[in-house]
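Enquirer: Sharing a structure here in structure tokens format.
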Number of protein chains: 2
Amino acid sequence: MKYPNGQEYKPKTSRKSHKSSVEISLSSANRGMNLENEINLSNAYYKDHDICLITKRPTPINIVKVDYSKGAKITHAYFEEQSTTDYNGVYKSRYIDFEAKNTRNKTSFPLGNITPHQIDHLKRVIAHGGIAFFIINFESLQKVYLLDAKYVIEFYENGGRKSIPYQCFVDNGVEIEQGYNPRLKYIEAIDKKYF
Amino acid sequence: MKYPNGQEYKPKTSRKSHKSSVEISLSSANRGMNLENEINLSNAYYKDHDICLITKRPTPINIVKVDYSKGAKITHAYFEEQSTTDYNGVYKSRYIDFEAKNTRNKTSFPLGNITPHQIDHLKRVIAHGGIAFFIINFESLQKVYLLDAKYVIEFYENGGRKSIPYQCFVDNGVEIEQGYNPRLKYIEAIDKKYF
């Protein structure tokens, strides 16, 4: 069993939750965007400033063996596939749920890394009145977009498209402004789109 | 480092998400309540019947070492303390967030297992307009109550009480009806209290 996104596991700066946000921002500056880290930093900013409360779900781990002779050391475990999205929380009383993805592609966002479980999850979020979207970082274009999940669901389920054209983001998404702190002002994009 | 609640890790039935709910219900019948399992089964029922979408956050794991020679086998890791609550999701467009706890105590619910992080988290949920509560199983009394988080926060922060009297649950909580499927009809309690 592999790590869901096929990449090797790297310890995340965000796990050190007691470090100040600014410290982490500075040390990661000019090293190219680590989307997950940028979102986690933005969430920390939004939390500290009482703007919203959005958290990352921990990666699910399937634990096979724990050694209690050494203080509950896990000695055998595997990464499990996330059956939901990575982020959820609350903003202005509404339920927020989203998935964040990176692509180097300049003309479209490939849907290969989205699982059927995630599509099912996002459809249910919408059905129950939640706000569901994707944050897509077009790395090569240095553009980050918020796109409502309904477009992703449509492209995923109908017509057999394996990707979403960049133009769909321009036409239907909201570009997320990038700054110093918060790094990704995605709440402004939510305000534009949903409130 | 120990498992946050001080108990040994047991693999959860709920992880086998592809088993039918009924099958699991039958096999766990009359063996005393495993609160987490009952909530997970109720959530599966509520999801399947399009009533709400509430999921359990995975236990956060601090990964020290991964062996990629054997397909991303985690060989060294520790349980981390959950800094949020165990459950969140969406019901009737509202954000839902709660923690579930078991007690054998007959006259009060001891607050020893609630962390300051969880109290902070629940205060923020309330501030952003989310619905925040505890589900407490009084094991010896065979009674399960939903209690709004504001009472727990109050007892936790003021007056130095180390527990919440059972009478507070009777006076301010909503008893959760137990049944066959869903096992814990906690959505009915949410309806009574919040809608």
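The values are calculated or read from the model by the stated rules, or taken from the named source; none is laboratory data. This structure is a prediction, so every number in the text was calculated from the model and none was measured. Here the Cβ positions follow ideal geometry from the backbone for every residue, glycine too, while neighbour counts run over all protein chains shown.
Enquirer: Pick from A:E99, A:E36: which is in contact with a helix residue (DSSP H, G or I) (Cβ under 8 Å, 6 or more places away or on another chain), more than 13 Å from chain B (Cβ to nearest Cβ), over 24 Å from B:F98 (Cα atoms) and not aliphatic (A, V, I, L, M)?
Expert: Testing whether each residue is in contact with a helix residue (DSSP H, G or I) (Cβ under 8 Å, 6 or more places away or on another chain), more than 13 Å from chain B (Cβ to nearest Cβ), over 24 Å from B:F98 (Cα atoms) and not aliphatic (A, V, I, L, M) leaves just A:E36.
Enquirer: While we're on this one: Just give me the residues in the stretch B:44-58 being of a type in the set (V, I, T) and at the interface with chain A (Cβ under 7 Å from one of its Cβ atoms), in sequence order.
Expert: B:T55
Enquirer: Which of the strands (runs of 3 or more DSSP E) contained wholly in the stretch B:82-137 include at least 1 residues that are β-branched (V, I, T) and buried (at least 22 other Cβ atoms within 10 Å of the Cβ)?
Expert: Fully inside the stretch B:82-137 and qualifying: B:87-91, B:94-103.
Enquirer: Now for a separate question. Out of everything in the stretch B:155-195 that is among the acidic types (D, E), modelled with pLDDT of 95 or more and out of contact with any Lys or Arg (no Cβ under 7 Å at 6 or more places or on another chain), what residue ends up being surrounded by the fewest Cβ atoms within 10 Å (Cβ to Cβ)?
Expert: Within the stretch B:155-195, the match that is surrounded by the fewest Cβ atoms within 10 Å (Cβ to Cβ) is B:D171.
Enquirer: Hey, could you check the stretch B:102-128 for residues that are in contact with a helix residue (DSSP H, G or I) (Cβ under 8 Å, 6 or more places away or on another chain) and hydrophobic (A, V, I, L, M, F, W, C) and say which is nearest to the other protein chains (Cβ to nearest Cβ)?
Expert: It comes out as B:V125.
Enquirer: Here is a list of conditions, (1) in contact (Cβ under 8 Å) with a residue 60 or more places away in the chain; (2) within 7 Å of chain A (Cβ to nearest Cβ); (3) acidic (D, E), and B:E81 meets all of them except one; can you say which number that is?
Expert: (2)
Enquirer: So is A:K73 away from chain B (no Cβ under 14 Å) and over 16 Å from the mean Cα position of the chain (by Cα) or not?
Expert: no
Enquirer: Could you check how many residues of the stretch A:161-195 are farther than 18 Å from A:T107 by Cβ and either of a type outside the set (D, E) or part of a loop (DSSP other than H, G, I, E, B) (or both)?
Expert: 19
Enquirer: What about B:D171, is it under 17 Å from B:Y87 (Cβ atoms) and of a type in the set (D, E)?
Expert: no
Enquirer: Now for a different question. State whether the residues of the stretch A:67-80 include one that is modelled with pLDDT under 95, among the basic types (K, R), surrounded by 15 or more Cβ atoms within 10 Å (Cβ to Cβ) and out of contact with any Lys or Arg (no Cβ under 8 Å at 6 or more places or on another chain).
Expert: Yes, the stretch A:67-80 contains a residue that is modelled with pLDDT under 95, among the basic types (K, R), surrounded by 15 or more Cβ atoms within 10 Å (Cβ to Cβ) and out of contact with any Lys or Arg (no Cβ under 8 Å at 6 or more places or on another chain).
Enquirer: Quick check on B:Y151: is it of a type in the set (S, T, Y) and within 17 Å of the chain's Cα centre (by Cα)?
Expert: For B:Y151, the condition - of a type in the set (S, T, Y) and within 17 Å of the chain's Cα centre (by Cα) - is met.
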